[in-house]
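Visitor: Here it is: the structure, laid out below.
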Amino acid sequence: MDLTTTTLQLNTADGKMEAYEARPKDGGPRPAIIVIMEAFGVNKHIKDVTERIAREGYVAIAPDLYHREPERVVPYAELQKAVGIMNRLQDPKIMADVGAVISHLKSQNYVKPSALGVTGFCMGGRVTYLTAAHHNKDIKAAVSFYGGGIPMGNPSPLSRTGEINCPIHLFFGGKDPMIPQDHVAQVNKALTDNKRTFTMNVYPEAGHGFFCDERGSYHADSAKDAWEKFKSFFARHLK
């Protein structure tokens, strides 16, 4: 499928925010999926994922949540630097940034405004959970990949579980050293207790970042299975 790719400049309260958008060249309006980056920024991997999603027939867009920072992409080898930048993010500003993306999508004639989804990886997995709660009037489906820190923050995304209205699918690695299995259990319990519509997959042999083929933690079998589940989930709820 031929794609159109563009780096947009979206308006936020703190200035312009870049967003990488990919969409099929023909047809529309189409459902749209917001792609939330890892702690390493909107790098080659995130752009590749955005294009993969677009080839499935969606408008896909990855906002640069580091737009307030001087350094916006960090190599995978520099984890501590990435964590340092990530820790400066503030949930209210992130939700405002995502709101700017939603407003952009809803104003485009090539987007079906009633069919918006969100997905994210690592840090973005946590933001995905929060987005499903905070932007619950607009987001119709959410997929979170190894979202670390969902029970953390004040308020935490976990504490807002009852606000999630859409179906949510969560992927975790059973050998993830960065996400305690206790956190995974807390997420499962909160979604269950609040009677949310959710699916959770914990891949026993996968670690953190298992979906990213540019990281040493890439786990091909888990990544392949998650991608198939990802495609069928969004097709069911957005198409």
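The values are calculated or read from the model by the stated rules, or taken from the named source; none is laboratory data. Everything quoted here is computed from the prediction, not taken from an experiment. Counting neighbours? That spans all protein chains shown, and the Cβs are built from the backbone with ideal geometry, glycine included.
Visitor: Of all residues in the stretch 2-40, which are on the phi > 0 side of the Ramachandran plot and either touching a residue at least 40 places away in the same chain (Cβ under 8 Å) or among the charged types (D, E, K, R) (or both)?
Guide: 15, 28
Visitor: Test residue 114 against the stated conditions and say whether it is over 9 Å from the mean Cα position of the chain (by Cα) and free of Cβ contacts under 8 Å to residues at least 12 places away in the same chain.
Guide: Answer is no for this residue.
Visitor: To continue, here is another question. Which condition breaks for residue 124 when tested against (1) in contact with a helix residue (DSSP H, G or I) (Cβ under 6 Å, 6 or more places away or on another chain); (2) in a helix (DSSP H, G or I)?
Guide: (1)
Visitor: Looking only at the stretch 84-107, count how many residues are among the basic types (Lys, Arg) and either under 13 Å from residue 13 (Cβ atoms) or surrounded by 13 or more Cβ atoms within 10 Å (Cβ to Cβ) (or both).
Guide: 2
Visitor: Among the residues of the stretch 42-52, what is the count of those that are of a type outside the set (Ser, Thr, Tyr) and either buried (at least 24 other Cβ atoms within 10 Å of the Cβ) or within 12 Å of the chain's Cα centre (by Cα) (or both)? Walk me through it before giving the result.
Guide: Let us first name the residues in the stretch 42-52 that are of a type outside the set (Ser, Thr, Tyr), namely 42-49, 51-52.
Now drop any that are not either buried (at least 24 other Cβ atoms within 10 Å of the Cβ) or within 12 Å of the chain's Cα centre (by Cα) (or both), which leaves 42, 46, 49.
Residues in the stretch 42-52 being of a type outside the set (Ser, Thr, Tyr) and either buried (at least 24 other Cβ atoms within 10 Å of the Cβ) or within 12 Å of the chain's Cα centre (by Cα) (or both): 3 in total.
Visitor: Yes or no: residue 14 surrounded by fewer than 24 Cβ atoms within 10 Å (Cβ to Cβ) and at pLDDT 95 or above?
Guide: Values: surrounded by fewer than 24 Cβ atoms within 10 Å (Cβ to Cβ): yes; at pLDDT 95 or above: yes.
Yes.
Visitor: Looking at the stretch 22-38 only, could you name the residues that are assigned to a strand (DSSP E or B), surrounded by fewer than 24 Cβ atoms within 10 Å (Cβ to Cβ) and out of contact with any Gly (no Cβ under 8 Å at 6 or more places or on another chain)?
Guide: 22
Visitor: Let me ask another. Please state which of the following conditions residue 81 fails to meet, knowing it meets all the rest: (1) of a type in the set (D, E, K, R); (2) within 23 Å of residue 102 (Cβ to Cβ); (3) surrounded by fewer than 24 Cβ atoms within 10 Å (Cβ to Cβ).
Guide: (2) is the only condition that residue 81 fails.
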